[in-house]
Each structure stands twice: as structure tokens, then as C-alpha cells.
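Below is one structure, written out as C-alpha cells; the observations come after it.
Read-outs: derived from the displayed coordinates by stated rules, not from any lab. As the structure is a prediction and not an experimental result, all values here were calculated from the model. Ideal geometry is used to build each Cβ from the backbone, glycine not excepted, and the neighbour counts take in all protein chains shown.
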């Protein structure tokens, strides 16, 4: 029994969703494995009806219905990464509330991560928070629960906040990607580029006063690849439609377990953050 549970846990970590099939499947083309770009639907195959999305649709040239079909990746016949990124920007820009952004992301099919993840994660917490903490890609606990900074990651975050005059419910919390890559692998450059507009729009909608980027992935996506994860000063991030916002990169809370050096750097960064908040008007 113990061996069976261990094997099931391993399958869950790997993202396995089919044990045996009658025919061999090329998962490179199935949409359930590595990144794929949706192809235009065959003219001989009828397109299934899709639920409406909260962003403008691209009208079908042969449709006579009053309501246009949703502009999902498959419907508009996306065949390149640049088109997928452009659609993500369009979808994100049309979302006027966090709820609308979640609904749009859950129906967005131009990124294969959405099809393999259990939940779509968007930031939690109040708008106009003094800080928004942005972590790495969702881990297994976050993907299963649908909540950011949950499981071990959430426990370590609570450990960091315990001695500080800052409550968890005062913060906005987010992950760099809305979907967990299968098996916790590193997200590809293409996946990061497609997901970036959703992260930028989430920051705009939650409108925190400052950003703290916990880990290499959010720093890379928002600030560039040359950004160190242990900075000693605040920088500035320019967001489309939002303007400049103070930003700081630091180690992820999970690195509290890495080494004494990592713990020291994390605490030093937190002390600087608290001093900034205390001195802010």
C-alpha cells in the first residue's frame, strides 16, 4: 500500500494524467506536454462552442450570429509565439477587475501550461497594499490548493513575518506565473513571455505601493536577466498603464533552509523593507 501511494505521488509530481491508452500518443502534438502553438481549425471539422470571455472576440468570417465567438488562441488560428504574446496582452488589458482577469486566464488557450495545471493562480490580498510579494512559479502545494504562498512556502513566509509589525492579510501575494509547469520544471522563455502580460496586469489591478520580487523568476520576468536576487536598494519598474512603482529583488522564503548566508541576506532585506515602510509618508 505504501509503495502504491509513493508511486501515485510521483505521478502527481510528474504531471501524469493518463496511465494506459489503446493507441500511442505523440505528446509533443497533444497539447498536454511541452509548449505548443495552437493551429487553425480544419474547415471540415466543426468548431465546438466556447464560453464567452471578458475581452473582444475576433469575428468569424463565416458566422451570421449576432454574438462573435471568443478570441481564444485556437479560434484566431495563432501560429507563432509573437501572436500568442500579442493575444495575451490584449486579453490582459481588457480585464478591468481581478475577477475578470482570472476568468480571462482560465479560458486562455495560447499557453500549454493552462492545460496541465490544476488551478489558475492570481494574486490574493487587498488592493493598494503597502507591499506585493511576488514568488516563483506555483509549486505543488499552490497548484493543488489554488492559493498563492500556501503549504511549506506559506509556512516559511509566516515565519518571516512573525517578528515584524506586518500581517499577512495586509499584503498582496502573487506568483510569477498563473500556472505550474508540469513536474515543477523551469518555465521556458516562451511560457514566460506569454504569462508576463497577466502578471503586469495583475500588478496594475491590485495597485500595491511597492513590489518585492522573491526569487529569480519574477526578477527575470519583470526586471531582466541581469538583475541580482539580493539587491540592497530599491529600483523602479515601469508598467504599461500604471507608471513607475518601487521594486526590490530578494531571495525566496524557501531559501531560509538553504544556508546561514541565505538566511542572513533574507533578514537584512526584510529589515530594509521595514525601514522603508516606516519612513514612507
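The alpha carbon centroids of the range 122-141 and the range 174-217 are separated by 10 Å. Considering only alpha-carbon pairs that sit under 8 angstrom and 6 or more positions apart, the relative contact order computed for the range 70-279 is 21 percent. Extension gain for the segment residue 93 to residue 9, taken as residue separation times 0.36 nm less the Cα-Cα distance, is 26.4 nm to one decimal.
Share of Cα-Cα pairs in the range 70-279 beyond 28 Å, in percent? When all Cα pairs of the range 70-279 are counted, 24 percent exceed 28 Å. Per-residue Cβ neighbour counts within 10 Å put 274, 118 in the sequence 274, 118, beginning with the fewest. Stokes-Einstein diffusion for the range 155-267, with the hydrodynamic radius set to the Kirkwood value over Cα pairs and evaluated at 25 °C in a medium of 0.890 mPa s, equals 162 µm²/s. Here the peptides 174-182, 190-198 are ranked by packing, the mean other Cβ count within 10 Å, and the order with the highest first is 174-182, 190-198. Ranked for footprinting exposure by Cβ neighbours inside 10 Å, fewest first, 144, 251 give 144, 251.
With each label modelled as a point 7 angstrom along the Cα→C-beta vector, the residue 186-residue 86 pair spans 3.0 nm. Each of residue 118 and residue 238 was given a label point 7 Å from its Cα along the Cα-to-Cβ line. The distance between the two points is 4.1 nm.
Here the peptides 265-271, 160-166 are ranked by packing, the mean other Cβ count within 10 Å, and the order with the highest first is 265-271, 160-166. Distance between the pseudo-spin-label points of residue 271 and residue 140 (7 Å out from Cα toward the beta carbon): 3.6 nm.
Sorted ascending by nearby beta carbons within 10 Å, beginning with the fewest, 252, 242 become 242, 252.
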